[in-house]
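S.K.: Quick one: the structure is below, questions incoming.
Taken together, the values in this text are just the output of simple stated rules run on the coordinates, not laboratory data. As the structure is a prediction and not an experimental result, all values here were calculated from the model. Methodologically, a virtual Cβ is constructed for each residue, glycine included, from the backbone with ideal geometry; neighbour enumeration extends over all protein chains shown.
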Amino acid sequence: MNQESNMSANSKTDQSASALAQVPIENAKRWPDLNYFNKIIYGASSLAKGMKITFGYLINTKTVVTQQYPENRETLILADRVRANLIMKHNENGYHDCTSCHICEGVCPNASIHVVDRSEPTVSKKELGYFVWRLDSCTFCNLCVMACPFSCLEMTGQFESSTYDQSLLVYNLNQYSGATQNNLAKLADDQARTSAIKAISPYEGPVALEGYHLAGIPKEFLPQKSDAKTSQAREGVNP
Amino acid sequence: MSQTIESFKLLLENAFSEPLTYLEASQLLTIKVQENQLFATLKTLKETLKFDALIDHAGVDWPNENKIELIYILFSTHHNQQIMVSADIDRNQPTPPSVSSLWAIAEWQEREVFDLLGVTYKNHPDLRRLFLEDNWVGSPLRKDYKDDFILERPW
Amino acid sequence: MVTLNDRISCHTPNQDGTTTQEYFINMGPQHPSTHGVLRLILKMDGETVNDIIPVLGYIHRGIEKKAEAVGYRQQVHLTDRLDYLCALMNNWAVSAAIEKALNLEVNDRIQTVRTIIAELQRIQSHQLWWGVFGMDLGAFTPFLYGFRDREKITEIFEKTMGARLTMNYFQPGGMMYDIHPDFVKDIKEFIKYFRPILKEYEDLFSGNIIVQERLKNVGIIDAQTALAYGATGPVLRASGMPLDLRKMQPYGAYSKVNFTVPVGTVGDSWDRYQVRIQEMYQSLLIIEQLIDNIPDGPHMTMKYAAKIKPPAGRYYTQMETARGIFGTFFVSDGNDRPYRMHFRTPNFNNLWSILKMAPGGRVADLVAILSSIDLVVPDMDR
Amino acid sequence: MKSLSFYIHNLYQNQQWLDFILYLGLGLILTLSLMSVVALVLVYAERKIAAHFQCRLGPMRVGWHGTLQTVADALKLLLKEDLIPKAADRFLFALAPFLTVMAALLSLSVLPFSLSATLSNMNIGLLFLSAISGYGVLGILIGGWASNNKWSLLGAMRAGAQLISYELSMTLSLLSIVVLSGSLNLNEIIASQAQGWWIWRAHLVGFISFVIYIISSTAETNRTPFDMAEGESELTAGFHTEYSGMRFAFFFLSEYVNLFIVSAIGSILFLGGWMPLHIGEWESFNALMDFVPGPIWFLLKTGALIFLSMWFRWTFPRLRVDQLMRFEWKFLLPLGLINLFLSSIIALGGFYFFP
Amino acid sequence: MGLINDNPENPFKEAIPGSPAFITSIDKVVNWARSNSLWPLTFGTSCCAIEVMMAAGAAHHDLARFGAEVARPSPRQADLLVIAGTIVKRMEPLLKTLYDQMAEPKYVIATGACAISGGPFIYDSYTTIRGAHEVIPVDVYVPGCPPRPEAFFYGLLTLQKMIIEGQTIAKPFERRKPVLSVLPPRIKLEQIRDELVKNLTARSVTDLNQNPKELGL
């Protein structure tokens, strides 16, 4: 491996006129090649230098930067923009703003969101039935949150979602099927509002507990709404 | 630092005996060449015009025109200029010449195109699949590639 | 022309005319120093590596096919998964390509912030590389120090972008959020913290006699060969060719700042090491010049719900990431999804120069060379 | 406790069979338990010290500050499935870890913890130790070969070449102390340091042979920067790639016991073993030092050398295999020879301090 | 929901399928050792490896606190296979081999969207396996893309809980998952008790000698 090389000269040939010559460069620092005895002296001193640094860290316990996660759970403060869990915002009375416009479904890069309309809307023309979110495939790209015209989605920092079962990672985000809070406000009283909505649990819905089959092969498990693109050749027009 | 596009075009046209065809629908300066002219053009570009780097090589499948478009993106560190060379080849029997004798990196970029688009290069030293298994059937990046394994997006 | 059949023959004659039996050994896909699932088939003579046959595809996810199925805005999050250590620079490259296709000029604030963040990411990527480099050479401590300092940048990123690794932050037309109020203050603190640490890196590791012995005159490659073998970025610059798109085709706010391009003189592993170390200093300089005068303006110029439909044509945009040139080539047919999307990834092209660097060295040299090229395998396989 | 030779002599004379068996059994149990305690403590210490070198905390959650961590590890390793690859040489594969552990066990039995606490006070103790430490590599070689794995074989070959080379300079550095002290018996070597430890008493000679010893003993124990045989980033896991469960635990254990042994030898030869810090004729100072009992001195000195070895490990990168050889044959060996020559001159002339 | 280990009086402790005397006192010691000494295999395919194998092991988060910093490069010595990243068709047999090479007891954590379900590449990808559980049995799923190191630690705690409560040396190849004792956020026990118990009891016993595909996992 001791091949001598003078290619630094080679590579500089015929660069004088080239565009590369105008780039301001600095040469990489190179420790000189030492002879036998100098190498021993230099070597010993360089090793000692390194050992000094590591010893400094050993004796100075203030340099420990470890945060102890399970023990510090109470004091662990994450940045407020951290994206680890999608929620649908519900106001203090428990109403959401989702109009079931399907924009989030469209921008989701891998169909992790599935919005199902309510089959028999009561107040408005279109009402949210189920907002199905697949945590198991979500990439937390935040596009759904940015695209939502009514900003009713939010990414929160709740990251503790490990499970033993993959199908537990598919949720319904809405707490009731029904109209938005604005539309419900038009109703006369609380009783009318309650009768216009239907409370649902996080696991209810067309795909509850069977999230795997969304990605799985059996096509009959896919929702009927699927207007999947046929696998024909895409007609491209050569520009 | 670098010449303007116009003066570079002049330089380019001087290097070739025949007039060049430019492709308009492209962001980079793009030359359109025939398959039989491809190797000669790239050789001239490398040796006369000092395009010393083959930055990228890719293929585009156009099934309804029955052709595969090969894209070569060249970069000249000397001129600080970039040029794209586009060549249409037959889709059913794609046998363009390999340019791995000009730029060594072409060997693997061409293997990638062979792997994903099924373009069989002539005079390639080692034309094998690069990413997929050797017993893979079909070329995934062709538009009519069919595979039962692929799931269509349901909504 | 050397074919594969010649290369798998086990009886390459030695220099003195004798023949020894060579043997093959399989390095990877699960091997600690291939940084992922790269597989190398080594033809060895004792401890000496005589030939290398890289086998790729163990993480080939078909991103280019996937990219044809999703819209332009969704391309950005796919590039996070290519070279995840330069996720933001990849985001920028794709966003810029789409902006160019739409003829969209983004304002100075966006350009400046993008430049600052890209340089910060370059430092972050090099920090990780430095740590892993130390680990590959057998010293575990640099790995921890590198990550300790990387975590500081990660925290700055997390505050502004909400994610630690795959940010999806630069969008076509701007940035997802405006910068965090603490952004400027945090970065200034980081620069103040990191300069002495860089010095310490050099004392601990660069100056170490073992590192010097391991790296000097190992894996030499000259600039023209490296370029022909597709190398860009620090690998090429270490061979003496100052090919840096930040200087040659300035984008973002790079034309406004002064910095130099570190280049190597010999082209060995040591130069590749030192070029990256010096690039960290240069990145700090760039950030320092920009951080105090970030112009005002909106952080986003496009609506999220709007579908992006670039005019039909072929587009190619390239940028300098921490590992080399990242290019985005796409063909639009006027639709809301690209007709063909192709990423020119630096790692795929950088890999092949090991075929010129490693033969003749030991296994340990191969590990050092692999680490000095700084490979990210998912970027290679796409 | 009396020495082994005395007992064997008695065996023939007085037919004390029961006594002999009792002695053997007790010795075995003591050595084995010492071995496991040493390994458990050292692994924990290494993990904690490494963590603090690296600005982190290390094991924290098993017991108070992770003190039971290594107990859990040992228990788990003992109960883990024991795999033997199909293509491996079954007998040799099973034999190899035991050979390595045996080497460590045998060396442990001659270490003098204090004047009285010596299991076997051989008069050729040092020769025995260097013979046994050379035999330890056999386990590594056999294990690497029997695994039928190319990486293992590479690691084993590296280990073989490395250990045989470094054995030379290690023995040379031991020899210079033998020359200075005039004995091969470990207790006598320690007794010869009553005036002061050899590391400083014999001018630079003692110190140089200490340095040579530290370097070559680090190589002997296969630790960074000389961990060629395992070399994680190069050879996956080196010679024990195919070992799992208890057999791997044996390799793991013997690595740490070896570390203890070479540090103990270093402390015996250069730092006076159980001998308190004595300086020549300073009677009152010496008397003060004698208050601390011998075993504590011994363990403290050994601990300091172990710490040094850990400090090396967590600071330095690994050498390349040819550089390792070049370092040995072109630097350490000549230096050791010159040092031996100088030490002979010093010993002949009695030129050291407090002769 | 509190932390798993901070909740000794879990009302659903007996929800582990099997008899109440499932765990003996020997098992307690063995499971304690096993759960606290999870040596991971150095294996990572893509982005998750950076967060889960590297950043989690680095100084700021420090995997060593759990005694899991002894990353073994050889599968023979590893206890924990962390599938950090996408598994593609070409990697599938190798992952199976790696798993087979590991010595019992062995545990598998799938981290990140790719290893759980294929993540960004579920649809329109011709190589990506949709979840590592199609290849080998997975014990714990840690969602995220990639999960934060803290999320991985939570997954590790989840796994430790499974080892402590769900294993016996009498039946070494059987693994019982205390499904109900670790629930995802925002889910209340009452909400899913009925629908889960019947679905998951059958599913929670993973016979490792059986092909996971046959179990309908």
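S.K.: Can you tell me what the convex hull of the Cα atoms of the range C:184-243 projects to on average, as an area in nm²?
M.R.: Over every viewing direction, the Cα hull of the range C:184-243 projects on average to 6.0 nm².
S.K.: Choose one answer from C:Y84, C:Y58, C:Y72: the residue with the largest mean-square fluctuation in a GNM of chain C with alpha-carbon springs under 10 Å.
M.R.: C:Y58
S.K.: Follow-up question, since we're still on this one. Looking at the range D:301-355, which chymotrypsin sites (Phe, Trp or Tyr not before Pro) are in a loop (DSSP not H, G, I, E or B) and have at most 14 other Cβ atoms within 10 Å?
M.R.: D:F351, D:F353
S.K.: Tabulate in residue order the Karplus-calculated ³J(HN,Hα) for the range B:117-122, using 6.51 cos²θ - 1.76 cosθ + 1.60 with θ = phi - 60°, rounded to whole Hz; enter x for Gly and Pro.
M.R.: 10, x, 8, 9, 7, 7
S.K.: Which ordering of E:D27, C:D381 is given by a fewest-first count of other beta-carbon atoms within 10 Å?
M.R.: Least to most surrounded, the residues fall as E:D27, C:D381.
S.K.: Something else about it: Counting other beta carbons within 10 Å of each Cβ, put A:Y95, B:Y22 in order, fewest first.
M.R.: By the 10 Å Cβ count, ascending, the order reads B:Y22, A:Y95.
S.K.: Taking the alpha-carbon distance from D:K150 and a cut-off under 22 Å, which lysines remain once sequence neighbours fewer than 8 residues away in the same chain are dropped?
M.R.: C:K43, D:K86, E:K96
S.K.: With no solvent and one equal point scatterer placed on each C-alpha of the range D:137-254, evaluate the Debye formula and give log10 I(q)/I(0) for q = 0.18 Å⁻¹, two decimals.
M.R.: With one equal scatterer per Cα and no solvent, log10 I(q)/I(0) is -0.86.
S.K.: Roughly how many Å is it from the Cα centre of the range E:27-53 to that of the range A:33-49, as a whole number?
M.R.: Here the answer is 41 Å between Cα centres.
S.K.: Right, here's the next one. Can you work out D for the range A:17-160 in µm² s⁻¹ from Stokes-Einstein, where Rh is the Kirkwood radius over C-alpha pairs, the temperature is 37 °C and the viscosity is 0.692 mPa s?
M.R.: 151 µm²/s
S.K.: Something else now. Across 5 Å bins from 0, what is the distribution of all Cα-Cα pair distances for the range C:291-382, in whole percents?
M.R.: P(r) over the range C:291-382, rounded to whole percents: 3, 11, 14, 12, 14, 13, 11, 8, 6, 5, 3, 0.
S.K.: May I pose another question? What does the charge count near A:L78 come to, summing +1 for each Lys or Arg and -1 for each Asp or Glu among other residues with Cβ under 15 Å from its Cβ?
M.R.: Taking every Cβ under 15 Å from that of A:L78, the sum is -4.
S.K.: Right, something else. State the antiparallel share, in %, of DSSP beta bridges confined to the protein assembly as shown, rounding to the nearest 5.
M.R.: 80 percent
S.K.: Could I ask something else about it? How big is D, in µm² s⁻¹, for the range B:67-140 by Stokes-Einstein at 20 °C and 1.002 mPa s if Rh is the Kirkwood radius over C-alpha pairs?
M.R.: The Stokes-Einstein estimate is 163 µm²/s.
S.K.: Whole-Å semi-axes of the range A:85-218's equivalent ellipsoid, largest first, each the root of 5 times a Cα gyration tensor eigenvalue?
M.R.: So the equivalent ellipsoid measures 26, 16, 14 Å along its semi-axes.
S.K.: Normalise the Debye intensity by I(0) for chain B, one equal point scatterer per Cα, no solvent, then take log10 at q = 0.08, 0.10, 0.13, 0.16 Å⁻¹ and round to two decimals.
M.R.: The Cα Debye sum returns log10 ratios of -0.26, -0.39, -0.64, -0.90.
S.K.: At 0.890 mPa s and 25 °C, plugging the Kirkwood radius over alpha-carbon pairs of chain C into Stokes-Einstein gives what diffusion coefficient in µm²/s?
M.R.: Rounded to a whole number, D works out at 113 µm²/s.
S.K.: Separate question: Please compute the volume of the convex hull spanned by the alpha-carbon atoms of the range B:5-97 and report it per residue in Å³.
M.R.: 97 Å³
S.K.: Another question about this same structure. When all C-alpha to C-alpha distances in the range C:4-55 are sorted into bins of 5 Å, what percent of pairs does each bin hold, rounded to whole numbers?
M.R.: So the P(r) values, bin by bin, are 5, 21, 25, 22, 13, 8, 5, 1.
S.K.: Same structure, new question: Which of C:N349, C:N168, C:N258 ends up with the largest GNM mean-square fluctuation for chain C, with Cα atoms connected below 10 Å?
M.R.: The residue that fluctuates most here is C:N258.
S.K.: Can you give the Kirkwood hydrodynamic radius of the range C:1-157 from its Cα pairs, in Å with one decimal?
M.R.: Evaluated over the range C:1-157, this radius sits at 19.5 Å.
S.K.: Out of C:Q124, C:Q75, C:Q212, any idea which swings most in a Gaussian network model of chain C, alpha carbons joined below 10 Å?
M.R.: Of C:Q124, C:Q75, C:Q212, the Gaussian network model singles out C:Q212 as fluctuating most.
S.K.: Eigenvalues of the Cα gyration tensor times 5, then square-rooted: what semi-axes does that give for the range D:230-355, in whole angstrom, largest first?
M.R.: 36, 24, 11
S.K.: When the convex hull of the Cα atoms of the range D:85-349 is projected onto a plane and the area is averaged over all directions, what value comes out in nm²?
M.R.: Spelled out: convex hull of the Cα atoms, projected over all directions, averaged, 14.1 nm².
S.K.: I would also like to ask the following. 5 Å is the cut-off here: which amide hydrogens, built 1.01 Å from N in the peptide plane, fall below it relative to A:Y176, excluding neighbours closer than 5 in sequence?
M.R.: Amide H neighbours of A:Y176, under 5 Å, 5+ apart: A:I200.
S.K.: Continuing with this model, one more query. Using Cβ contacts closer than 10 Å as the measure, can you line up A:C101, E:C48, A:C148, A:C138 from fewest to most?
M.R.: Ranked by crowding around the Cβ, least crowded first: A:C101, A:C148, A:C138, E:C48.
S.K.: Principal axes first, then extents: for the Cα atoms of the protein assembly as shown, list largest minus smallest coordinate on each axis, whole Å, largest first.
M.R.: Reported extents, whole Å, longest axis first: 108, 84, 59.
S.K.: Next question, about the same structure. With Cβ to Cβ distances under 9 Å as the rule, what net charge do the other residues near A:C141 carry (K, R +1; D, E -1)?
M.R.: 0
S.K.: At q = 0.12, 0.13 Å⁻¹, work out log10 I(q)/I(0) for the range D:16-129 with the Debye formula, treating every Cα as an identical point scatterer and leaving solvent out; two decimals please.
M.R.: Summing over Cα pairs of the range D:16-129 leads to -0.68, -0.78.
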